[in-house]
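Peer 1: So that we are looking at the same thing, I have put the structure below in structure tokens.
The values are calculated or read from the model by the stated rules, or taken from the named source; none is laboratory data. Fair warning: this is a prediction, and the values are worked out from it, not measured in the lab. As a convention, Cβ positions derive from the backbone with ideal geometry for all residues, glycine included, and neighbour counts pool all protein chains shown.
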Amino acid sequence: MVNNETDLVLAESAVAKLEHLRTRTVEAITDQIYQRLGESLAPFGERGRTYCRDDLHFHLDHLIGSLIAGSSRPFEAYVIWLYRLLDARGVPSASVDLSLELLGRYLHEHLPPEQSQAVESILAKGRSALSGPPANAVVPFSGFTQLAKPHPLTEALVNALVAGDRPRARALLEQATAEGDYLEGAVTLIQPAMYRVGERWHAREISVAQEHLASALVQQLLADRFAAAHAAPPSGSRAIFACVATNRHALGLQIVADAFELDGWSVEFLGADTPTADLVERVVSTKPDLVGLSVSLTAQLARLREAVLAIRSRMGDCAPQILAGGFALADISGVAERLGVDGWYSTALSAVKASK
Ligand code: B12
């Protein structure tokens, strides 16, 4: 565990070195994996090497996210998540442990000792999370998914969404929120339902197309309900909301932006995957009171940190309040200060309440 300023400097120098070594590392480990498992990987042909490289990039992205967060926990959660993902798809999941072992050895040889110590400790925790007894196993994302008791209609809504049954989904949402309250329906029913959709995709119980269907349907339902919702009078406060670069999960942030707008804020919603430089230019030129950034994967924490640092260095004491949120923060507590944000919230409801 690393959590003070000195450790952050060390973590950031390790991240810079890892980025510098990235391509060479991925190529070297792919070759080593093929030397060891070549025969069993032969059926995948040249595609197999591409998958292998993609997985190694994903390992490095999550390793970097963990270094920035100052906790091995997100990496442990990622490793277990990956193991289960591969297992559900019949891919030899033993290769996860092997790739982490090879990565540890390679980085031991190529990073300066202090950096390699920080990196190896995270990789070792990831490996032991894999081999740990099930009773003590890390439950990925439990920080969020076990936050609240699931709404009794959650499973029914999930079924309607993955079946593309819009009338049924709408009826369930209306049934759950007697007053038709936009925010209550979004947070107490849609949010847990979408988490379940993710779990069902992960376990290969539904297809990628069904996951997209559910997201598209939810966007329509939210837009309908937002149009019918009652907004508070304008408060004069202004906010910009954006998903950090590479984050394509915009739905949760849409709910946050809507919640602030209904609360009387004037809101700009920049949507998914906002390039850091363009986000920063918009913030500098429009000077909002608040910036809200969303980050869904641990791998995207580096983009969050970059955006926050850039806003603060351009605006100094005039920087707006910066809030963060999103699924990537599920397994890390107390990380807001380290990342330079003024606060993070696990739902739109808690964020809008705290802003009052
Ligand atoms: C729908 C979905 C997608 C859609 C997104 C569509 C869209 N328009 O948003 C698409 C298809 C694009 C997608 C892609 C991917 N996804 Co996806 N996705 C999901 C899913 C099922 C639902 C997301 C969602 O809408 N959640 C519901 C909203 C309401 O919740 P929320 O985002 O947490 O937001 C709330 C709070 O967090 C908070 N909040 C959020 N942002 C902010 C910001 C501020 C400032 C504040 C204050 C609060 C706040 O308030 C929100 C409302 O209350 C999740 C499952 C999950 N657990 O979230 C997987 C999930 C996040 N995806 C996952 C993965 C792996 C991917 C892909 C890598 C898959 C792939 N191989 O391509 C890509 C990565 C894309 C990228 N680069 O970002 C994994 C991540 C696992 C991991 N190891 O981290 C998950 C967890 C699924 C799973 N269980 O395995 N995905």
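Peer 1: Suppose we filter the stretch 33-86 for residues that are under 30 Å from residue 338 (Cα atoms) and not polar (S, T, N, Q); how many remain?
Peer 2: Qualifying residue count, the stretch 33-86: 27.
Peer 1: Give the stretch 147-176 a look and list any residue that's closer than 15 Å to residue 347 by Cβ and surrounded by fewer than 19 Cβ atoms within 10 Å (Cβ to Cβ), or say none.
Peer 2: 147, 148, 149, 150 - these are the residues of the stretch 147-176 that are closer than 15 Å to residue 347 by Cβ and surrounded by fewer than 19 Cβ atoms within 10 Å (Cβ to Cβ).
Peer 1: Residue check: is residue 303 away from the ligand (no atom under 12 Å from the Cβ) and farther than 25 Å from residue 184 by Cα?
Peer 2: For residue 303, the condition - away from the ligand (no atom under 12 Å from the Cβ) and farther than 25 Å from residue 184 by Cα - is not met.
Peer 1: Which condition number in (1) surrounded by fewer than 16 Cβ atoms within 10 Å (Cβ to Cβ); (2) more than 14 Å from the ligand (Cβ to nearest atom) is the one that residue 87 fails?
Peer 2: (2)
Peer 1: Oh, and also: Inspect all residues belonging to the stretch 292-306 and state whether any of them is closer than 30 Å to residue 11 by Cβ, touching a strand residue (DSSP E or B) at 6+ places or on another chain (Cβ under 9 Å) and of a type in the set (Ser, Thr, Tyr).
Peer 2: Looking for residues that are closer than 30 Å to residue 11 by Cβ, touching a strand residue (DSSP E or B) at 6+ places or on another chain (Cβ under 9 Å) and of a type in the set (Ser, Thr, Tyr), one finds at least one in the stretch 292-306, hence yes.
Peer 1: Select from the stretch 324-356 the residues that are of a type outside the set (A, V, I, L, M, F, W, C) and part of a helix (DSSP H, G or I) and write down the one among them that is nearest to the ligand (Cβ to nearest atom).
Peer 2: 350
Peer 1: What pairs come up if the first residue lies in the stretch 186-214 and is outside the structural domain of residue 159 (by TED's automatic domain parsing), the second is part of a helix (DSSP H, G or I) and not basic (Lys, Arg), and their beta carbons are under 6 Å apart, counting only those six or more places apart or on different chains?
Peer 2: Here the result reads none, with nothing in the stretch 186-214 linked to a residue that is part of a helix (DSSP H, G or I) and not basic (Lys, Arg).
Peer 1: Take the stretch 310-323 and flag every residue that is closer than 21 Å to residue 8 by Cβ and either among the acidic types (Asp, Glu) or near the ligand (Cβ under 10 Å from one of its atoms) (or both).
Peer 2: 322, 323, listed by residue number.
Peer 1: What about residue 14, is it more than 21 Å from residue 298 (Cα to Cα) and either surrounded by fewer than 17 Cβ atoms within 10 Å (Cβ to Cβ) or not assigned by TED's automatic domain parsing to the domain that holds residue 299 (or both)?
Peer 2: No: the conditions fail for residue 14.
Peer 1: Could you tell me whether residue 86 is at pLDDT 90 or above and assigned to a helix (DSSP H, G or I)?
Peer 2: Considered against the rule, which asks whether it is at pLDDT 90 or above and assigned to a helix (DSSP H, G or I), residue 86 comes out as no.
Peer 1: Could you tell me how many of the residues in the stretch 228-261 are among the aliphatic types (A, V, I, L, M), in a helix (DSSP H, G or I) and at pLDDT 95 or above?
Peer 2: 6
Peer 1: Within the stretch 263-305, can you find the residues that are touching a residue at least 40 places away in the same chain (Cβ under 8 Å), surrounded by fewer than 19 Cβ atoms within 10 Å (Cβ to Cβ) and not in a loop (DSSP other than H, G, I, E, B)?
Peer 2: 282, 286 - these are the residues of the stretch 263-305 that are touching a residue at least 40 places away in the same chain (Cβ under 8 Å), surrounded by fewer than 19 Cβ atoms within 10 Å (Cβ to Cβ) and not in a loop (DSSP other than H, G, I, E, B).
Peer 1: Exactly one of (1) within 11 Å of the ligand (Cβ to nearest atom); (2) more than 21 Å from residue 268 (Cα to Cα); (3) not in a helix (DSSP H, G or I) is unmet by residue 180. Its number?
Peer 2: Result: residue 180 passes all but (1).
Peer 1: Checking residue 294 against (1) hydroxyl-bearing (Ser, Thr, Tyr); (2) farther than 20 Å from residue 215 by Cβ; (3) within 12 Å of the ligand (Cβ to nearest atom), which single condition isn't satisfied?
Peer 2: (2)
Peer 1: Let me ask something additional. Among (1) out of contact with any helix residue (DSSP H, G or I) (no Cβ under 7 Å at 6 or more places or on another chain); (2) within 29 Å of residue 329 (Cβ to Cβ); (3) away from the ligand (no atom under 14 Å from the Cβ), there is one condition residue 54 misses while meeting the rest; what is its number?
Peer 2: Result: residue 54 passes all but (3).
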